[in-house]
Structure formats: structure tokens, C-alpha cells
Amino acid sequence: MSYRVYLVEDEKNLNRVLTSYLEKEGWQVQSFTDGHQAHQAIDQRPHLWILDIMLPGLDGYQLLREIKAGDHQMPVIFISARDEDIDRIVGLEMGSDDYLPKPFLPRELVIRTRKLLERVYGPTANASKEPARQVFDWGSYHIDTQSRTVSDNGCLLELTAKEFDLLLFLGCNLGQALDREQVLRHVWSADYFGSDRVVDDLVRRLRKKMPNLRLETLYGYGYRLVKP
Ligand code: CA
């Protein structure tokens with residue numbers, strides 16, 4: 001069986017793109033563009049909901065309330081283009097498990113979804129549903145996403161969980177400029193409140209361990225990993 005993910009997003013193009021990204025992970029995606037339709041599907045109990053906040057019919061807040069009333073452990077990710085801080089705070093207070101402000105990379109939503117599924121249903125249960133092992137070879141580095149190991153010419157490098165998450169996030173968005181806030185939200189959780197200096201510190205540590213990584217600094221913005 002594969003996870004059933006219900007997505008509510010009224011922007012049709014975005015809905016289609018996100019659906020296709022989520023389906024590529026092997027999840028069964030049911031997509032809705034209207035709050036009322038989504039409301040009628042609450043009893044179907046998918047494994048996870050992704051909710052936009054501004055929707056025709058019922059809005060995301062109302063849906064969240066109904067979903068959590070039926071099953072308070074049902075994982076919910078909010079996506080929103082409205083005032084980020086207010087949505088994030090209200091959403092978290094109402095029990096949303098994660099929050100992703102628009103615009104975001106579809107890949108980022110996939111990663112967040114997988115993380116949340118793992119957190120709620122356990123990594124073992126999820127293992128069989130993981131896409132095939134992904135292995136990257138970058139120059140002398142060999143990166144295995146399943147065993148979460150990195151080696152340099154066959155020598156295993158000791159990366160912390162956060163260092164590995166950062167590497168993976170950069171690698172999944174190869175060639176793209178990522179700002180500190182995106183890195184922060186991805187590698188730490190959505191409810192992390194603190195300085196984005198921790199991102200710089202983490203990058204510094206990763207560079208020290210992987211000096212041949214072509215990890216560029218975009219001054220005043222963030223970072224970009226480019227192909228070796
Ligand atoms: Ca909307």
C-alpha cells in the first residue's frame with residue numbers, strides 16, 4: 001500500500017505541478033481545488049493533508065479545524081501566500097504540523113511531506129515506500145540517500161544529520177539559488193525561531209568536511225550548489 005496524500009490548492013497550475021511531484025514519490029494523490037469538495041473527503045482519512053489557506057468555499061483554517069476534530073493526529077501541512085508570520089503562528093496554534101510559505105520549490109514540499117509521514121508513521125513503515133535508493137557521484141564524493149552516508153574516494157565522511165540534510169537539500173536543488181530562510185525552514189523545522197546565522201555555521205562545517213564541494217556563497221542572499 002502507498003500513502004494517500006490529499007492536496008487542496010485552488011491555483012490549478014500549481015495544483016497540477018505539486019500533484020505530479022507528489023505522485024512521483026509513489027504516493028496516491030487526491031487533489032482538490034475547492035474547500036467544500038475537500039471537506040466532503042475528510043472522512044476518507046488519508047495519511048496526510050496539504051492545505052492552502054485561501055480557498056473558495058471553506059478556507060484552509062476551517063478545513064484544518066474539521067480535520068483535527070475528526071482525528072487530532074492527522075498530519076497537516078499548510079501552504080500559503082498570505083502574511084507568512086501570521087499564518088505560521090495561527091496554523092501552528094491550530095495544530096498544523098508544518099508550514100511552507102509560497103513561493104516554494106515543489107521538491108521542498110515533497111521533502112517536507114516525506115519527513116512528516118516518517119515522523120507520524122515511522123521510518124520503517126515508510127522504508128518500503130521510499131523511491132529507489134538514490135546515489136549521487138559528485139567528483140570524488142559518493143552520496144547515498146538511503147544509508148545517508150557520504151564517502152570521499154571510498155573513505156566515509158562523518159556528517160551530522162543536519163549537515164547531511166543540508167547537503168541533500170542543496171543537491172536536490174542543484175544549480176538553484178537558495179536563500180537562508182529556505183535552508184532554515186527545510187533543515188530545521190518550520191517552527192524554528194532564531195537567527196539564520198545557524199545556516200552559515202552549518203555551511204561552514206559542511207565545507208570543512210567536503211572541501212571539494214562546489215558550494216557557492218551568494219552574498220546577501222544564500223547559497224547555491226553547482227555540479228562538480
Ligand atoms: Ca489559494
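The values are calculated or read from the model by the stated rules, or taken from the named source; none is laboratory data. Since this is a predicted model, take the numbers as computed values, not measurements. Ideal geometry is used to build each Cβ from the backbone, glycine not excepted, and the neighbour counts take in all protein chains shown. Note: accessible area is taken over every heavy atom of the protein model, side chains too, but ligands, DNA and RNA are not part of it. Shrake-Rupley method; radii C 1.70, N 1.55, O 1.52, S 1.80 Å.
Table for the structure above
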read-out: Residue within the range 51-64 that is within 16 Å of the ligand (Cβ to nearest atom) and closer than 25 Å to Cys172 by Cα present; value: yes
read-out: Criterion violated by Asn13 - all others in (1) among the polar types (S, T, N, Q); (2) more than 15 Å from the ligand (Cβ to nearest atom); (3) exposed (fewer than 14 other Cβ atoms within 10 Å of the Cβ) satisfied; value: (2)
read-out: Filter result for the condition that a residue is touching a His at 6+ places or on another chain (Cβ under 7 Å) and crowded, with 19+ Cβ neighbours inside 10 Å, over Leu22, Leu63, Leu7, Leu18; value: Leu63
read-out: Filter result for the condition that a residue is farther than 19 Å from Leu116 by Cα, not assigned by TED's automatic domain parsing to the domain that holds Ile79 and not in a helix (DSSP H, G or I), over Gly171, Gly175; value: Gly175
read-out: Single residue of Leu167, Leu156 found to be of a type in the set (A, V, I, L, M, F, W, C), more than 30 Å from Leu92 (Cα to Cα) and in contact with a strand residue (DSSP E or B) (Cβ under 8 Å, 6 or more places away or on another chain); value: Leu156
read-out: Residue match in the range 90-100 (condition: modelled with pLDDT under 85, assigned to a loop (DSSP other than H, G, I, E, B), away from the ligand (no atom under 14 Å from the Cβ) and surrounded by 17 or more Cβ atoms within 10 Å (Cβ to Cβ)); value: yes
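Residues checked against (1) open to solvent by 20 Å² or more (accessible area, probe 1.4 Å); (2) touching a strand residue (DSSP E or B) at 6+ places or on another chain (Cβ under 9 Å); (3) assigned by TED's automatic domain parsing to the domain that holds Pro101; (4) not aliphatic (A, V, I, L, M):
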position: Gln28; (1), (2), (3), (4): yes, yes, yes, yes
position: Ala38; (1), (2), (3), (4): no, yes, yes, no
position: Trp49; (1), (2), (3), (4): no, yes, yes, yes
position: Asp52; (1), (2), (3), (4): no, yes, yes, yes
position: Lys68; (1), (2), (3), (4): yes, yes, yes, yes
position: Pro75; (1), (2), (3), (4): no, yes, yes, yes
